[in-house]
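Notes follow once the structure below has been shown.
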Amino acid sequence: MSDFYNAFGQFVSTQTIETFVNQADDKIQIDNTKILNNIKVLKVQIETGTLTKEQVITEIEKLNSLKENKDTSDQVKNEIESLVKDTVSKVDGIRLEGNMEIGGVMKSRGFYLTDGTKVNEVIRVVDKLAVPLDKEGHVTILPPKGKRVKATVHDLNIPKSGRITFGDKEDNDPYHLRKIGNTDNNHLRLTLNDNNNESLQIWGDSCKTDKCSVDGGTVKHVLDSNGNATHTGGMKVTGGRTHFKDVENRGRVRVGAAWGIPGFYSEDNQDIVVGVPRNRKVNLGTAGKFVEINGNGNIKVPGGAQVTGGRSHFKDAENKGRVRVGAAWGIPGFYSEDNQDIVVGVPSAKKVNLGTAGKFVEITGTGNMKVPGNVNTPLLSRIGGDWLRINQQTNSVGRVATYGGFSINDTRSKQGGLSVGSWTPPGQGNIIATGEIKAGQIKAGKICINNTCITEAQLKTMMTNQTADLAASIASNRKSIASNSGRITVNSSTMIDISHGYKKVGYMTMGGSGQIVKGGDYTYYGGYLMVLEKTGSFKLLKAKTPYQYPNMKPEWEFKSNRSPSENVRLYWDANHYGGAMVITYNGGVIWDAPRENGNSMYKDKRRRLLIIQGGAITLRNNRNSSIWEARKGLPANTGKSTRLPNNNDNT
């Protein structure tokens with residue numbers, strides 16, 4: 001028998017005089033089969049009277065001591081109990097009816113009840129205090145009907161081998177609370193029997209709702225026996241990692257932070273989903289500015305989206321390929337990623353706008369295009385049909401201008417040509433030009449210069465032969481022209497005003513004794529014109545052509561008293577020093593500026609420079625010193641300049 005504490009909390013040792021039998025030695029090796037055989041032999045010896053009373057008591061005490069050994073089987077223990085009950089009444093001893101009071105000490109090797117049950121401990125009663133022990137040594141307190149037992153304990157210790165049981169034998173699901181584990185690794189286990197509708201609950205607010213009733217309040221936390229937890233109110237978890245893993249067992253989700261930012265993270269290298277039903281949406285961000293993702297996969301970004309790095313692709317329900325949004329060939333834009341065509345579409349009543357506000361290139365839903373600026377393209381063509389239309393007939397007169405060459409070619413059908421005035425095959429209609437027309441061959445019904453026209457029949461009658469010069473004569477009140485070696489000359493009896501009589505240097509010039517008085521040669525640079533009239537006068541005009549503003553006051557003027565019969569010219573001579581700008585008087589060169597390596601600055605052979613700049617004409621030497629200068633408001637410098645002779649006006 002082990003040491004123990006009795007019902008009064010007092011320590012009871014097995015070595016005191018209250019111990020009536022020797023403690024069984026747990027170190028004795030137990031042979032349960034052999035003991036069972038010995039019990040059978042002992043029963044026979046008792047029945048036959050072979051053993052004395054003292055021998056019987058000794059043998060029974062030995063067997064009783066084996067009951068305390070942990071290696072003794074239940075079968076052996078039951079046989080010992082049966083033997084004791086059947087034997088004690090057969091052995092002579094003291095029989096007492098009633099109570100016995102002893103003032104001293106009573107020693108005995110054992111105490112037994114009338115039914116043969118051994119009494120292992122004599123309970124001492126103090127101040128009429130009775131401890132209700134049942135047959136199994138349990139303390140059971142059953143209060144009277146309508147009464148309750150209240151236990152107040154300062155310290156309560158339950159050994160690890162023990163437990164606290166709730167509702168034992170009251171129903172089929174008692175609860176047990178026990179400490180489980182070894183010396184270092186333990187846990188407090190609450191066992192809830194029966195089925196998964198059992199739970200541990202924490203109730204609160206009883207004082208708020210039920211006047212602090214012991215059974216009042218409302219449930220706040222529920223931990224059921226199926227592993228589910230329900231909490232009313234917030235839950236705060238600090239420190240460590242918090243993981244969740246549900247019945248699908250697809251990996252743990254960490255809730256707390258990732259990379260130093262509050263959030264959640266797929267812990268076991270799995271994909272992660274934030275899911276909602278199809279008719280609901282996921283909201284990210286701040287109230288009123290949520291990024292919304294609905295259950296159908298649509299996304300709404302109220303604050304705009306910025307995507308940087310990598311490639312961004314979009315592919316919609318038509319599944320016709322991805323559109324890359326970001327850049328292509330180093331320029332911001334979008335690109336058809338999967339080798340598909342691409343469209344920028346609008347309803348037929350709307351338009352696509354390209355470019356900058358106020359300068360949009362507009363493409364309407366009906367296929368029309370409006371270009372407010374210039375179109376620069378190596379090729380302009382129409383797919384299908386025979387005509388390329390420029391401007392609508394009802395919206396514009398269809399004017400087209402080109403700066404540079406214009407070529408009409410048809411190398412396949414040999415039908416290239418120009419039709420003016422109607423949608424007809426080439427060769428019909430009129431051509432109107434205000435300047436010169438140069439061509440290797442011109443085919444026309446008639447050729448008109450201003451109001452003077454000539455037909456093919458009239459031209460044939462005027463021609464003497466194909467090798468002679470072209471000559472034409474008309475009535476005395478009309479004008480006549482003649483051609484010699486490809487040059488147009490005007491005789492002394494006629495004057496023809498072609499392009500107002502002026503010719504720009506670099507094109508065909510007028511010469512001979514029949515110069516038109518108001519005509520002359522000119523060159524243009526930097527917004528200014530330098531004009532050499534047929535009288536030999538110089539003018540500096542701020543215009544593009546000398547006849548643009550007929551009454552324009554010159555910026556600077558150098559007049560001459562020469563008559564139109566005297567020949568003074570400013571022109572480009574391709575044969576003079578390999579190409580030069582020259583001024584001649586009666587056929588003699590008085591100033592020249594040969595071309596130098598294609599430079600647009602005109603320098604003469606003495607390294608002199610003629611400059612038109614800022615409303616002044618300056619002739620400078622190779623040291624950039626002024627030799628001769630004239631400008632608005634100043635008289636002409638008369639230094640060592642090369643001057644036109646007979647100048648009669650120094651203004």
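Only one of VAL307, VAL282, VAL301, VAL276 is under 13 Å from the mean Cα position of the chain (by Cα), of a type outside the set (Gly, Ala, Ser) and surrounded by 10 or more Cβ atoms within 10 Å (Cβ to Cβ). Can you tell me which? Full working, then the answer.
Numbers: VAL307 fails: surrounded by 10 or more Cβ atoms within 10 Å (Cβ to Cβ); VAL282 fails: under 13 Å from the mean Cα position of the chain (by Cα); VAL276 fails: under 13 Å from the mean Cα position of the chain (by Cα).
So the residue among VAL307, VAL282, VAL301, VAL276 that is under 13 Å from the mean Cα position of the chain (by Cα), of a type outside the set (Gly, Ala, Ser) and surrounded by 10 or more Cβ atoms within 10 Å (Cβ to Cβ) is VAL301.
Answer yes or no as to whether ASN196 is at pLDDT below 85 and over 26 Å from LEU142 (Cβ atoms).
On the way: at pLDDT below 85: yes; over 26 Å from LEU142 (Cβ atoms): yes.
Yes; evaluated as a whole, the condition is true for this residue.
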Cβ-Cβ under 7 Å pairs, at least 6 apart or on other chains, the range 233-248 side at pLDDT 80 or above, far side acidic (Asp, Glu): HIS243/GLU267
Residues within the range 259-272 that are surrounded by 13 or more Cβ atoms within 10 Å (Cβ to Cβ) and not in a loop (DSSP other than H, G, I, E, B), tallied: 3
Residue match in the range 23-37 (condition: assigned by TED's automatic domain parsing to the domain that holds GLU81, modelled with pLDDT under 80 and within 14 Å of ASN120 (Cα to Cα)): yes
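When you scan the range 63-79, how many residues do you find that are in a helix (DSSP H, G or I), modelled with pLDDT under 85 and in contact with a helix residue (DSSP H, G or I) (Cβ under 7 Å, 6 or more places away or on another chain)? Lay out the reasoning, then the answer.
Let us first name the residues in the range 63-79 that are in a helix (DSSP H, G or I), namely 63-66, 74-79.
Next, only the ones that are modelled with pLDDT under 85 stay: 63-66.
Next cut, in contact with a helix residue (DSSP H, G or I) (Cβ under 7 Å, 6 or more places away or on another chain) only: 63-64, 66.
Selection size over the range 63-79: 3.
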Any hit, the range 9-16, residues being under 22 Å from GLY137 (Cβ atoms) and modelled with pLDDT of 85 or more: no
Selection count where residues are loosely packed, with under 14 Cβ neighbours inside 10 Å and under 17 Å from the mean Cα position of the chain (by Cα), scope the range 329-349: 2
Selection from the range 178-203 of residues that are touching a Leu at 6+ places or on another chain (Cβ under 8 Å) and farther than 26 Å from HIS231 by Cα: ILE180
Tabulated pairs, the range 176-198, first under 19 Å from ILE164 (Cα atoms) and assigned by TED's automatic domain parsing to the domain that holds LEU223, second aromatic (Phe, Trp, Tyr) and modelled with pLDDT under 90, C-beta under 7 angstrom, 6+ apart or interchain: none
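Does the range 255-267 contain at least one residue that is free of Cβ contacts under 8 Å to residues at least 60 places away in the same chain, of a type outside the set (S, T, N, Q) and under 30 Å from THR165 (Cβ atoms)? Show your work before the answer.
Our first condition is that a residue be free of Cβ contacts under 8 Å to residues at least 60 places away in the same chain; within the range 255-267, this holds for 255-267.
Next, only the ones that are of a type outside the set (S, T, N, Q) stay: 255-265, 267.
From what's left, under 30 Å from THR165 (Cβ atoms): none.
No, the conditions are met nowhere in the range 255-267.
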Selection within the range 297-333 - closer than 30 Å to ARG278 by Cβ, out of contact with any His (no Cβ under 9 Å at 6 or more places or on another chain) and in a strand (DSSP E or B): ILE299, LYS300, HIS313, PHE314
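Quick one: is PHE314 closer than 21 Å to SER336 by Cβ, in contact with a strand residue (DSSP E or B) (Cβ under 6 Å, 6 or more places away or on another chain) and surrounded by 10 or more Cβ atoms within 10 Å (Cβ to Cβ)?
Numbers: closer than 21 Å to SER336 by Cβ: yes; in contact with a strand residue (DSSP E or B) (Cβ under 6 Å, 6 or more places away or on another chain): yes; surrounded by 10 or more Cβ atoms within 10 Å (Cβ to Cβ): yes.
Yes: the conditions hold for PHE314.
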Residue in the range 315-322 that is under 18 Å from the mean Cα position of the chain (by Cα) and modelled with pLDDT of 90 or more present: yes
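The values are calculated or read from the model by the stated rules, or taken from the named source; none is laboratory data. Just so you know, these numbers come straight off a predicted model, no measurement behind them. Virtual Cβ from ideal backbone geometry, glycine too; neighbours counted across all protein chains shown.
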